[in-house]
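Structure record follows, encoded as structure tokens.
The values are calculated or read from the model by the stated rules, or taken from the named source; none is laboratory data. Nothing here was measured: the structure is a model prediction, and the numbers come from that model. Glycine also receives a Cβ, built like all others from the backbone with ideal geometry; neighbour counts cover every protein chain displayed. Ligands, DNA and RNA are excluded from the accessible area calculation, which covers all protein heavy atoms including side chains. Shrake-Rupley method; radii C 1.70, N 1.55, O 1.52, S 1.80 Å.
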Amino acid sequence: MTRPAGTLPLDQLLQHEGFGTRRTCRAMVWSDRVTVAGVLAENPDVRVLAEGTPYAVDGVEWVSRERVYLAMHKPLGHEVSRKPQHHASVFALLPPELDARGVQPVGRLDADSTGLLIFSDDGNFIHHLGSPRHAVTKTYVATLAEPGTSAFVHALRTGVQLRDERVPVAAASAELLAADTLRIVLTEGKYHQVRRMVAAAGNHVLTLHRPAIGSLAIDERLPEGSWRYLEAGEVAELGG
Ligand code: URA
């Protein structure tokens with residue numbers, strides 16, 4: 001049998017795309033549940049392109065992707081965990097097929113934080129965005145319990161001592177957008193870092209939102225609680 005480059009059998013493609021075991025996927029084809037480019041698929045061994053094949057399962061349309069790159073606008077009250085303790089999981093906001101592909105988030109947001117989350121099943125991409133060595137910026141906007149002072153902003157910029165850290169931790173940038181609104185940019189993602197840094201500088205975070213990671217900002221295409229695929233150009237700009 002010839003094996004054109006970039007192709008794989010339909011049952012393997014469906015498995016890779018999160019539809020279950022190879023056996024389940026073969027059975028789906030045999031039960032007339034799968035179309036490829038609008039045509040009913042009858043043979044689970046037919047070779048299809050791993051990237052860019054339009055197909056449908058039970059009438060729901062997909063396009064095959066070797067790797068997925070997603071952006072989500074995380075709402076309040078969701079945990080960035082597959083085993084949430086007290087709230088719903090952000091993974092419940094994704095189609096089960098994408099969850100089944102084992103997508104991982106770039107860093108986390110607390111249950112009571114909102115904002116941009118990026119997910120992928122490309123381990124190198126996740127590592128690149130999360131690693132302090134690559135210094136990809138994470139931008140946060142926090143509302144503060146007390147009006148911020150110039151000493152407070154100066155402390156965040158020059159470094160504050162966090163418990164369990166050997167050396168003071170500094171923001172890449174920090175500025176007040178209003179008396180009680182802080183914009184802070186970090187290039188690392190320590191546990192509860194913004195809340196702990198603000199506390200160490202003598203204030204308290206009331207609300208916390210992450211509007212951007214690197215070059216990618218939340219916009220009107222990403223309402224709270226929704227997700228979308230990243231475009232190839234966005235992935236490339238983020239360093240993928
Ligand atoms: N820093 C925090 O304290 N919380 C977050 O959710 C993200 C960064």
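Leaving out ligands, DNA and RNA, and with a 1.4 Å probe, what % of the accessible surface on segment 7-63 is carbon or sulfur? That share works out to 54 percent. Where is the GNM fluctuation largest for the chain (alpha-carbon springs, 10 angstrom cutoff): E66, E165, E224? Result for the chain, Cα springs under 10 Å: E165 fluctuates most.
Cα centroid separation, segment 195-240 to segment 146-187: 18 Å. For the pair D180 and E66, what calculated FRET efficiency results from E = 1/(1 + (r/R0)^6), where r is the Cβ-Cβ distance and R0 = 45 Å, to the nearest 0.05? Once the sixth-power term is evaluated, E becomes 0.45.
Taking a ≥ b ≥ c as the square roots of the eigenvalues of the Cα gyration tensor, segment 7-63 is classed as rounded, since a/c falls below 1.5. In this view, the solvent-accessible surface of D121, computed with a 1.4 Å probe and all protein chains in place, comes to about 30 Å². Once backbone amide H atoms are built at 1.01 Å from N, A88 has E79 as its partners under 5 Å, excluding neighbours fewer than 5 places away on the same chain. Helical runs assigned H by DSSP (4 residues or longer) give the chain a calculated mean residue ellipticity at 222 nm of -6000 deg cm²/dmol, each run adding -39500 (n - 2.57) before division by the residue total. Over segment 137-213, Cα pairs under 8 Å with separation of 6+ residues give a relative contact order of 47 percent.
Under Stokes-Einstein, with the Kirkwood radius over Cα pairs as Rh, the value for the chain at 4 °C and 1.567 mPa s is 65 µm²/s.
Computed on the Cα trace of segment 32-109, the radius of gyration divided by the Kirkwood hydrodynamic radius gives Rg/Rh = 1.08.
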